[in-house]
1. Just wondering, is there one or more residues in segment 325-341 that are over 24 Å from N178 (Cα atoms) and surrounded by fewer than 20 Cβ atoms within 10 Å (Cβ to Cβ)?
2. Does any residue of segment 37-46 turn out to be within 29 Å of P121 (Cβ to Cβ) and open to solvent by less than 50 Å² (accessible area, probe 1.4 Å)?
3. Restricting segment 373-391 to residues that are modelled with pLDDT of 95 or more, hydrophobic (A, V, I, L, M, F, W, C) and open to solvent by less than 10 Å² (accessible area, probe 1.4 Å), which is nearest to A83 (Cα to Cα)?
4. Test S195 against the criterion of being of a type in the set (G, A, S), under 28 Å from R151 (Cβ atoms) and over 23 Å from the mean Cα position of the chain (by Cα), and give yes or no.
5. Residues R136, R95, R151: which one is in a helix (DSSP H, G or I) and open to solvent by less than 40 Å² (accessible area, probe 1.4 Å)?
6. So which strands (runs of 3 or more DSSP E) are wholly in segment 159-244 and hold at least 1 residues that are among the charged types (D, E, K, R) and open to solvent by less than 50 Å² (accessible area, probe 1.4 Å)?
7. With in a helix (DSSP H, G or I) and either open to solvent by 20 Å² or more (accessible area, probe 1.4 Å) or touching a helix residue (DSSP H, G or I) at 6+ places or on another chain (Cβ under 7 Å) (or both) as the only criterion, which of G55, G63, G59, G74 stands out?
8. Specify which of the listed residues (A328, A354, A347) is in contact with a helix residue (DSSP H, G or I) (Cβ under 6 Å, 6 or more places away or on another chain) and not polar (S, T, N, Q).
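The values are calculated or read from the model by the stated rules, or taken from the named source; none is laboratory data. Small disclaimer: the values here were computed from a predicted structure and weren't measured. Methodologically, a virtual Cβ is constructed for each residue, glycine included, from the backbone with ideal geometry; neighbour enumeration extends over all protein chains shown. Accessible surface is based on the protein model in full, side chains and every heavy atom, while ligands, DNA and RNA are left aside. Shrake-Rupley method; radii C 1.70, N 1.55, O 1.52, S 1.80 Å.
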Amino acid sequence: MTTEVAVLGAGMHPWGKWGRGFTEYGVTAARAALDDAGLDWRDVDAVVGADTVRGGYPGYVAGATFARALGWQGARVTSVYAACASGAQAIDVARARILAGLSRVVLVVGADAAPKGFFRPAGGERPDDPDWLRFRLLGATNPVYFGLYARRRMALYGDTLEDFAAVKVKNAALGALNPHARYRARVTPEEVAASPVVADPLRLLDICATSDGGAALVLAGADFTRAHAESRPVRIRAVSTLTPRYPTQVLDLPDIATDSAAGVEPSGEPLRTAIVRAAYEEAGIGPEDLSLAEVYDLSTALELQWYEDLGLCGAGEGAKLLREGATALGGRTPVNVSGGLASFGEAVPAQAIAQVCELTRQLRGEAGERQVAGARVGIAANQGLFGHGSAVVVVR
């Protein structure tokens, strides 16, 4: 039995701060994906929605919310939430339904209407909630963690502020070419250095914003694809959604302490590395096979970490890889040719889906000035709160 599903359609609502509800963004993306697939909404037999915690009750049942907005037609619905990995979890659920023979065509949708400024905890008193505790006890917004990660890399590997700025310069130049990106202006290293410090050592331009946006995919099984689509569609070959192994030795959102290793030896493999390794194993590929990668650059320093987690280089060699131009458009393995979160900002439930939209366009050869020549294999990788992580391998 095949373990691949076809991506028949990919659609997005542009990222920005539009001042409207998340449902509108999701429906726009869904209709774009259906148009791209050449299918009617009534051809869809299941909808998987990636939830948002910022849209009230409709956000908690995003699958039904999008199905209702598109017009009730009897499709089955599922709603999933996994923080930043919500979109990839939705893809995984859709893929499982298709491979199990429960659905022929599944629409995957994620959308968000984000607040201005940093994400804040949900209201109420919840002393057993790690996310509530990190705000209440430490005052630790997400950028505080990003700053700690950056300081760690500087201490361990000698990364510099100039290395971090170079990531932003690379991604901004690519985002300037992407019509769906929120920020479409190139920046210079001097502009990054002159932007205000948010969480030392990171500046404003080192950290992704929070954004509105929506993304959608139409997925289908082999039989439907053969009957209704082109002979060589883009295909999802692997989805990895691993959790960490105890004991964790690197502080990660939203925890405020690492685990004791007194009784159990650490595995030696960080979560992000494990996520990617599992995806490679399932897909039967390695980092040397990648044409491109889309990673979760919540900060410039984190993009450098992802290079290492993807196996593009050894530990501590991410900045060197960047300086060599290997991750730039035209380099050995371009990373974030969409412009990344640096150019989009974060629309949490939509972001992992948007990464796969980008890979789909690239593997079809439809990315215009951002096109990676001869793209055949791509990976999208991200990590969410509470041990959620994901990697999706897309091939053609």
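1. Checked against the condition, which is being over 24 Å from N178 (Cα atoms) and surrounded by fewer than 20 Cβ atoms within 10 Å (Cβ to Cβ), segment 325-341 yields no hits at all.
2. No, every residue in segment 37-46 fails to be within 29 Å of P121 (Cβ to Cβ) and open to solvent by less than 50 Å² (accessible area, probe 1.4 Å).
3. Taking segment 373-391 and keeping what is modelled with pLDDT of 95 or more, we get 373-381.
Remaining after also requiring hydrophobic (A, V, I, L, M, F, W, C): 373, 375, 377, 379-381.
If we keep only those that are open to solvent by less than 10 Å² (accessible area, probe 1.4 Å) as well, we get 375, 379-381.
Values: A375: 29, I379: 19, A380: 16, A381: 14 Å.
For segment 373-391, the residue satisfying everything is A381.
4. Taking the combined requirement at face value, the residue satisfies it.
5. Answer to the selection: R95.
6. Result: 212-220.
7. G59
8. Residue meeting the stated conditions: A328.
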